[in-house]
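**Student:** Can you keep this structure in mind? I'll have questions shortly.
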DNA sequence: CTTTTGTGTGTGAATATTCACTAACATTAA
DNA sequence: TTAATGTTAGTGAATATTCACACACAAAAG
């Protein structure tokens, strides 16, 4: 399905992410992309057949690296609480290092454009779900997380809180320490969802 | 500051909201707006000096009607829990009636365009905060809401959950009953934040 | 009463700019 | 030599905005 991307392609994807976070969907033009890459507009088309393909590659690259990241972060030996914290810690560190990709979390702006893009966005959401769900379920089974509400509702609350955290970070122009603030938020969330 | 808007202007604002919901930010062009209004593109400029002004008027109209709506919904006699539920119930009913405006609420997509638009979006966020904050505070003081985490964190979690709910509704193309699903979510949230 | 003038609201055509994308040619490296 | 990768200079389509002008209606002036 997803072909391996070349080094140049990755550079372009990174430039695209940078532009997206800095100036939003409206700013992501071939012209700006070329300027960011320091070569001409037409050179872009040597590496991608279309703009749509660039966006999709960006999202797919993101989905994949998030998936990898999740897999490596969590160890089976950890308690649900530890896993919960680790997952988010990992996430915050990733975005701290690659703030251009915050766009992934709330890629609502891209929503619309094309059917294929929408599907790829859903895929990213799905990746996060896939890794969060078993942790929540295990936590509830072991009665360390509350069973007062369903797993779906718990996940919804957790994901919503996370998304808003990232949103605030972006609006604040990345001016505060996301891994510090983020981990505080995770602790509060944990306090709230632990069964008493 | 905000001048009163004429009947025609309101019609245009509503048409803009309709387009935003149906085709997203990218679809909101003067051409489409004129088509929706069933007159020429240039006629739009009889009523608004620029497209930016249309978007800002839309957002400001939204902020105002949300503020009014909040004020009328909550009565001093209610318990914090009741107020909490009422606020959201009210919100869901509003959007059920005017789904075109959902785009504005989590208008991360609009975010970019212009400084003035960004400020107006923040204003909308602020309105919600303004009404939610005293409810949370009162609830914590009366010890009906948990004091295990701070008010700011509580509000963050609540707002994040709400925003995600609206996001899901939009992605689902408004196909489920937001006031039903929404109220379920509010109940879960309440269960979680009540002190035990 | 009729004419004049002003105002609100519409039109179609034209503006400059930006967009994604392409064709022809040049450089570089294996 | 050949393939990959770059540049220059275009394309047509879409964009927001402006233009000169038209029609309906109401107030003011004759």
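**Student:** Any residue that is within 16 Å of DNA strand C (Cβ to nearest atom) and either within 14 Å of another protein chain (Cβ to nearest Cβ) or closer than 30 Å to residue B:194 by Cβ (or both) - is there at least one of those in the range B:58-80? Walk me through how you get there before you give the answer.
**Tutor:** As a first pass, look at the range B:58-80 and keep what is within 16 Å of DNA strand C (Cβ to nearest atom): none.
No, because not a single residue in the range B:58-80 is within 16 Å of DNA strand C (Cβ to nearest atom) and either within 14 Å of another protein chain (Cβ to nearest Cβ) or closer than 30 Å to residue B:194 by Cβ (or both).
**Student:** Please verify whether the range A:160-167 includes one or more residues that are modelled with pLDDT of 95 or more, surrounded by 17 or more Cβ atoms within 10 Å (Cβ to Cβ), more than 11 Å from chain B (Cβ to nearest Cβ) and in a helix (DSSP H, G or I).
**Tutor:** no
**Student:** Another question, then. Against the conditions (1) within 15 Å of DNA strand C (Cβ to nearest atom); (2) in contact (Cβ under 8 Å) with a residue 24 or more places away in the chain; (3) away from chain B (no Cβ under 14 Å), where does residue A:20 fall short? Just the number, please.
**Tutor:** (3)
**Student:** Looking only at residues in the range B:48-61 that are without any contact (Cβ under 8 Å) to a residue 60 or more places away in the chain and surrounded by 18 or more Cβ atoms within 10 Å (Cβ to Cβ), which one is farthest from residue B:100 (Cα to Cα)? First the steps, then the outcome.
**Tutor:** Taking the range B:48-61 first, the residues without any contact (Cβ under 8 Å) to a residue 60 or more places away in the chain are B:48-51, B:53-54, B:57-58, B:61.
So of that shortlist, the ones also surrounded by 18 or more Cβ atoms within 10 Å (Cβ to Cβ) come out as B:48, B:54, B:57-58, B:61.
Values: B:48: 20, B:54: 15, B:57: 15, B:58: 11, B:61: 13 Å.
Among them, the one singled out is B:48.
**Student:** Out of the range A:42-57, which residues are near DNA strand C (Cβ under 8 Å from one of its atoms) and within 14 Å of another protein chain (Cβ to nearest Cβ)?
**Tutor:** A:51, A:52
**Student:** What single numbered condition from (1) more than 10 Å from chain B (Cβ to nearest Cβ); (2) on the phi < 0 side of the Ramachandran plot fails to hold for residue A:189?
**Tutor:** Going through the list (1) more than 10 Å from chain B (Cβ to nearest Cβ); (2) on the phi < 0 side of the Ramachandran plot, residue A:189 breaks only (1).
**Student:** Among the residues of the range B:31-54, are any within 16 Å of DNA strand D (Cβ to nearest atom), part of a helix (DSSP H, G or I) and within 16 Å of the chain's Cα centre (by Cα)?
**Tutor:** Within the range B:31-54 (the criterion being within 16 Å of DNA strand D (Cβ to nearest atom), part of a helix (DSSP H, G or I) and within 16 Å of the chain's Cα centre (by Cα)), the answer is no, since none of the residues qualifies.
**Student:** Suppose we filter B:92, B:84, B:88 for residues that are more than 23 Å from residue B:115 (Cβ to Cβ), within 14 Å of chain A (Cβ to nearest Cβ), more than 11 Å from DNA strand D (Cβ to nearest atom) and crowded, with 18+ Cβ neighbours inside 10 Å; which single one remains? Break it down into steps so the answer makes sense when it comes.
**Tutor:** On the way: B:92 fails: within 14 Å of chain A (Cβ to nearest Cβ); B:84 fails: within 14 Å of chain A (Cβ to nearest Cβ).
Step by step, each of B:92, B:84, B:88 is checked, and only B:88 is more than 23 Å from residue B:115 (Cβ to Cβ), within 14 Å of chain A (Cβ to nearest Cβ), more than 11 Å from DNA strand D (Cβ to nearest atom) and crowded, with 18+ Cβ neighbours inside 10 Å.
**Student:** Evaluate the following for residue B:179: is it at pLDDT 90 or above, surrounded by fewer than 22 Cβ atoms within 10 Å (Cβ to Cβ) and either within 7 Å of another protein chain (Cβ to nearest Cβ) or assigned to a loop (DSSP other than H, G, I, E, B) (or both)? Break it down stepwise before answering.
**Tutor:** Details: at pLDDT 90 or above: yes; surrounded by fewer than 22 Cβ atoms within 10 Å (Cβ to Cβ): yes; either within 7 Å of another protein chain (Cβ to nearest Cβ) or assigned to a loop (DSSP other than H, G, I, E, B) (or both): no.
No: the conditions fail for residue B:179.
**Student:** Still on this model: Can you pull out the residues in the range A:130-159 that are under 25 Å from residue A:72 (Cα atoms) and within 12 Å of chain B (Cβ to nearest Cβ)? Walk me through it before giving the result.
**Tutor:** In the first step, residues of the range A:130-159 are kept if they are under 25 Å from residue A:72 (Cα atoms); the result is A:130-142, A:144-145, A:151-152, A:154-159.
Those that are under 25 Å from residue A:72 (Cα atoms) and within 12 Å of chain B (Cβ to nearest Cβ): A:145, A:151, A:152, A:154, A:155, A:156, A:157, A:158, A:159.
**Student:** Right, here's the next one. Of these, A:149, A:155, which one is closer than 19 Å to residue B:189 by Cα and part of a loop (DSSP other than H, G, I, E, B)?
**Tutor:** Working: A:155 fails: part of a loop (DSSP other than H, G, I, E, B).
Sole residue among the options that is closer than 19 Å to residue B:189 by Cα and part of a loop (DSSP other than H, G, I, E, B): A:149.
The values are calculated or read from the model by the stated rules, or taken from the named source; none is laboratory data. The model shown is predicted, which means the values in this text are computed figures rather than measured ones. FYI the Cβ positions are ideal-geometry reconstructions off the backbone, even for glycines, and counts take in every protein chain you see.
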